[in-house]
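Right, one structure below, let's go through it.
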Amino acid sequence: MGARVESEADARVRACLDDHRSFAMIAGAGAGKTTSLVDALRRVREQRGPALRRHGQRIACITFTKRAVEVIRARLAFDEIYLVSTLHGFLWDQIRYFSHDIRDAIRERCIPALIEKARKDDNGGKSKKAEKARAKIERLTAECGALPAVEAFKYADTTFSDYGRGQIGHVDVIEIATYLFENNETFRRITGLRFPYIFVDEAQDTFKGIVDGLNLVCAGQGLPMIGYFGDPWQQIYDRSIGEFVPPEGGEIITKVENFRCSKAVIELLNSWRHDVKQYAAGNNKDREGSVEFLMVKAEEPTGPRSRYGEDQVKRALARMDAAIADWDWAGRDDVIKLFLARQMIARRLGFADLNTLFTGDYASSSAQEAFETGEHFLLKPFLTKICPLIHAKKQDDGRTIVNLLRRESPAFAVDGMNAGKSLKEMIEVSTTLVAELFALWGSGSVGDILRFCVDKKIISPSERLSDHLDRTPRSEAYDAEVHSSDKADWLADVMFLMSPEQVVRYANFVAENTAYSTQHGVKGEEYKRVLVVYDDIEAAWSQYSFTKTLTPLTAGEPTERQRSLTKKLAYVSFSRATEDLRVLMFTRDPAAAREELIRSNLLLPHQILVRG
């Protein structure tokens, strides 16, 4: 991003802060939203810091991800006057001591909503679905009856709840907080007293009930006040608010600079959306860049559920490679390839089964998040120790093997079983040990590899990993209603039977040793050259349709929901490019799609190519 330039929008934010007036900043892609947010946070500290510290008050900054929390905290020098937190963390900190209200919210809102949903699945018959629905209603009714005996409630970032035992999940936190904002004036007043200044980052991804609740906290003139920073066109998560406004009397501020993208990309963004017209600012003012779309004929799917067969996937990938070569992008390390879903990347990189496992019935939301970040306890030993050892063995790099073992493995620690050996003996032992591991890698399963590494003290397993390795595998069929709290057993059992090659391919992807990412996964990122691949058949996501949204006359009209979600995700993808953007779109009629794009005035004729 270019040099910092104070804009008219930033000046208006400063005026709002000085006047204690709430506001909402709408900042398009590349506008420097985070910089504006951090500037606002710093200004409050400069103007009001001493008084806030004297009164034991803090400045709240709510953002969407743990990664964003750490980035903002670092830019604020970890000053404790700020509470920088994820939305769920912030809300739980505020509601956790209101046990009576939590109980009322669960009884009056959470449980009735879940029972009503279950009733829709109960047709009165004897189908498994209907029987599960009745069992769920019975369980929820019993949990409701057990609520009076719950003295305190506990929160875990999972989808699992057990109300009768006081266990609530992350969906419940949103519902309960919304309930308290709506019904408890004392709660609202206490929140405002603790945090006279509340800032919400990525406001479009917050929930409507929470925005309404925070606006109630900050209603009226003066403190407490709230400032929202975000962009409705970058809303890519379901159930979030999208459009957001400040409390009545607050100011809506639009920031129109783009410090990231080249002129060609900004022209596309301005054609794609009509509420904000950006201009190049900062170091990109003289960067022309380029945008090009390539229409490629899509094959009729031959696989099950109207999906591509394996040969068709290979041909589609070959067409992508050919396009990359035509653009002279082959072999470059400054190109990122964006696909709709991680499953598409996983199929290309060879870890599709592993990805399916961690996005399927056995994976909780926390397990899926840990899988995406490389932090899951089943996988972390591979990422940190085992895969690096295998890679070093393939490179015949004995020094790296010794260094890895001495740094990471109990057997080679200063007090380990090999501590008394000479360096020569250490090398001989490590060479033999890793040779055995390498041989097992070619014939054994994930479970075999892990048990070998634990037995030989190559890794020090976590307690959770040891528990799964030591227990007897589950033999009964998984039942979501019965086994929800134990689903990790089934996940581990399936993974232990997999080939370790899938894990090493996944490890390379997580370590960013590949040029692939999801369109969701790059939100907030930027790259010099971006290739976006649109293939509705291979993606198989009913909520998105890029061919219908971009070329409705050729491909058919999308639903309103498809159009809204697709346009926003496309905007996020397009706006990642700082220099050059290429879009490869598979369509059943490339020539007609090209003519339609030209008529839509999205692009100029020379920017759209066709390949049959």
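The values are calculated or read from the model by the stated rules, or taken from the named source; none is laboratory data. In this text, all values refer to a predicted model and were calculated from it rather than measured experimentally. Glycine also receives a Cβ, built like all others from the backbone with ideal geometry; neighbour counts cover every protein chain displayed. Side chains included, ligands, DNA and RNA excluded: accessible areas come from the protein's heavy atoms. Shrake-Rupley method; radii C 1.70, N 1.55, O 1.52, S 1.80 Å.
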Would you mind stating whether LEU569 is open to solvent by less than 30 Å² (accessible area, probe 1.4 Å), at pLDDT below 90 and over 30 Å from ALA118 (Cα atoms)? yes
Among (1) under 28 Å from SER545 (Cα atoms); (2) among the basic types (Lys, Arg); (3) at pLDDT below 85, where does ARG319 come up short? (3)
Give the residue that is farthest from PRO590 (Cα to Cα), with candidates limited to residues of segment 299-311 that are open to solvent by 100 Å² or more (accessible area, probe 1.4 Å) and assigned to a loop (DSSP other than H, G, I, E, B). THR302
Filter result for the condition that a residue is closer than 18 Å to LEU531 by Cα, aromatic (Phe, Trp, Tyr), open to solvent by less than 40 Å² (accessible area, probe 1.4 Å) and within 20 Å of the chain's Cα centre (by Cα), over PHE371, PHE339: PHE339
Quick one: in segment 25-56, of everything that is over 24 Å from the mean Cα position of the chain (by Cα) and small (Gly, Ala, Ser), which residue is most open to solvent (accessible area, probe 1.4 Å)? GLY56
Checking the condition without any contact (Cβ under 8 Å) to a residue 24 or more places away in the chain, more than 30 Å from THR431 (Cα to Cα) and out of contact with any strand residue (DSSP E or B) (no Cβ under 9 Å at 6 or more places or on another chain), which residue from ASP321, ASP333, ASP353 passes? ASP321
Residues of segment 590-612 satisfying the condition of being among the charged types (D, E, K, R) and either in a strand (DSSP E or B) or surrounded by fewer than 13 Cβ atoms within 10 Å (Cβ to Cβ) (or both): ARG599, ARG611
Those residues of segment 245-265 which are open to solvent by less than 10 Å² (accessible area, probe 1.4 Å) and either part of a strand (DSSP E or B) or in contact with a Phe, Trp or Tyr (Cβ under 9 Å, 6 or more places away or on another chain) (or both) amount to ILE253, LYS255, ASN258, CYS261, VAL265
Among (1) in contact (Cβ under 8 Å) with a residue 24 or more places away in the chain; (2) open to solvent by less than 10 Å² (accessible area, probe 1.4 Å), there is one condition GLY166 misses while meeting the rest; what is its number? (1)
Do the conditions hold for ARG563, that is, is it modelled with pLDDT of 75 or more, part of a helix (DSSP H, G or I), open to solvent by 50 Å² or more (accessible area, probe 1.4 Å) and under 18 Å from LEU268 (Cα atoms)? yes
When you check TYR534 against the structure, is it in contact with a helix residue (DSSP H, G or I) (Cβ under 9 Å, 6 or more places away or on another chain) and either open to solvent by 40 Å² or more (accessible area, probe 1.4 Å) or at pLDDT 75 or above (or both), yes or no? yes
Among (1) part of a helix (DSSP H, G or I); (2) touching a strand residue (DSSP E or B) at 6+ places or on another chain (Cβ under 7 Å); (3) modelled with pLDDT of 95 or more; (4) under 20 Å from ALA27 (Cα atoms), the one test that VAL211 misses: (2)
Hey, among ALA177, ALA146, which residue is assigned to a helix (DSSP H, G or I) and loosely packed, with under 15 Cβ neighbours inside 10 Å? ALA146
Is it the case that segment 125-138 has a residue that's surrounded by fewer than 18 Cβ atoms within 10 Å (Cβ to Cβ) and touching a residue at least 40 places away in the same chain (Cβ under 8 Å)? yes
Scan segment 272-286 and give yes if some residue there is farther than 29 Å from ILE345 by Cβ, of a type in the set (Gly, Ala, Ser) and without any contact (Cβ under 8 Å) to a residue 60 or more places away in the chain, otherwise no. yes
Mind listing whichever residues of segment 88-109 are open to solvent by less than 20 Å² (accessible area, probe 1.4 Å) and closer than 16 Å to ALA156 by Cβ? LEU91, ILE95, ILE102, ILE106
Can you pull out the residues in segment 234-262 that are more than 28 Å from the chain's Cα centre (by Cα) and within 21 Å of THR35 (Cβ to Cβ)? GLU251
Could you please tell me which pairs satisfy a Cβ distance under 8 Å, a separation of 6+ or placement on different chains, a first residue in segment 358-378 that is on the phi > 0 side of the Ramachandran plot, and a second residue that is of a type outside the set (D, E, K, R) and modelled with pLDDT under 80? GLY374/VAL510; GLY374/ALA511
I'd like the residue in segment 75-94 that is of a type in the set (A, V, I, L, M) and in a helix (DSSP H, G or I) and, out of all such residues, is nearest to the chain's Cα centre (by Cα). LEU87
Here are the criteria: (1) farther than 24 Å from HIS483 by Cα; (2) at pLDDT below 95. Tell me which single one ALA105 does not satisfy. (2)
Hits in segment 283-298 - residues which are in a helix (DSSP H, G or I) and either open to solvent by 20 Å² or more (accessible area, probe 1.4 Å) or modelled with pLDDT of 95 or more (or both): ASN283
Which residue pairs have Cβ atoms under 8 Å apart, sit 6 or more places apart or on different chains, and have a first residue in segment 449-469 that is under 16 Å from ALA439 (Cα atoms) and part of a helix (DSSP H, G or I) and a second that is of a type in the set (A, V, I, L, M, F, W, C) and open to solvent by 40 Å² or more (accessible area, probe 1.4 Å)? ILE449/LEU440; PHE452/LEU440
